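See below for the structure under consideration.
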Amino acid sequence: MSSSGAAIFSAVDGRGDDAPAHEIQDRCSGHPELSGQYHYHGPSDCMTEVSPGTDGHSGLVGYAVDGFGIFGSRGSLASSSTATARQNRNDQPAPTGGPGDILTLAAKELGVDIEALRQAVGPPPPNFRHAAKVLGISESRIKAAMRRARQQTGN
């Protein structure tokens, strides 16, 4: 759900096509689905950033179903970044919210509660140093658990 109240759907439509390239979008890069629910398939100038970073990072623009924050496209020093690029890093959790997601598997391996791990790691990009301090587990052990969980899920 975006901060503007509109849903955020996948970047692909029901046929597997690039939705923004193949579907009619309004000035906010969104449109209603068949039942009338207005939604975006990607970034929109109409999404309001909540607490934009003072260091050039994008602010929060919404929340995923699993509770993770969704942030805009500006990474450190206002360089362009994408969720996909962050998820392709070996130490980046790519949560799905299901019983086999990376954080769930890593929490089980580490012997900690999933919510404790989720809060300690924080929103992307993950803060492993902070997580290690909060959980009392070494940063290298947390990263190793995340890597193994990623391998198990195929992400």
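Quick one: would you say P95 is assigned to a loop (DSSP other than H, G, I, E, B) and either at pLDDT 80 or above or surrounded by 15 or more Cβ atoms within 10 Å (Cβ to Cβ) (or both)?
yes
Please indicate, with yes or no, whether at least one residue in segment 60-74 is loosely packed, with under 13 Cβ neighbours inside 10 Å, part of a loop (DSSP other than H, G, I, E, B), at pLDDT 80 or above and not acidic (D, E). Within segment 60-74, none of the residues are loosely packed, with under 13 Cβ neighbours inside 10 Å, part of a loop (DSSP other than H, G, I, E, B), at pLDDT 80 or above and not acidic (D, E).
Selection of segment 14-29 for residues being part of a loop (DSSP other than H, G, I, E, B), within 23 Å of the chain's Cα centre (by Cα) and under 10 Å from G42 (Cβ atoms) yields only S29.
Against the condition at pLDDT below 75 and of a type outside the set (V, I, T), how does S80 come out, does it pass?
So S80 passes the test.
Looking across segment 1-13, the residues that are at pLDDT 85 or above and assigned to a loop (DSSP other than H, G, I, E, B) come down to A6, F9.
The values are calculated or read from the model by the stated rules, or taken from the named source; none is laboratory data. Quantities reported herein were computed from a predicted structural model and do not represent experimental measurements. Here Cβ is always computed from backbone atoms with ideal geometry, including for glycine, and neighbour counts include all displayed protein chains.
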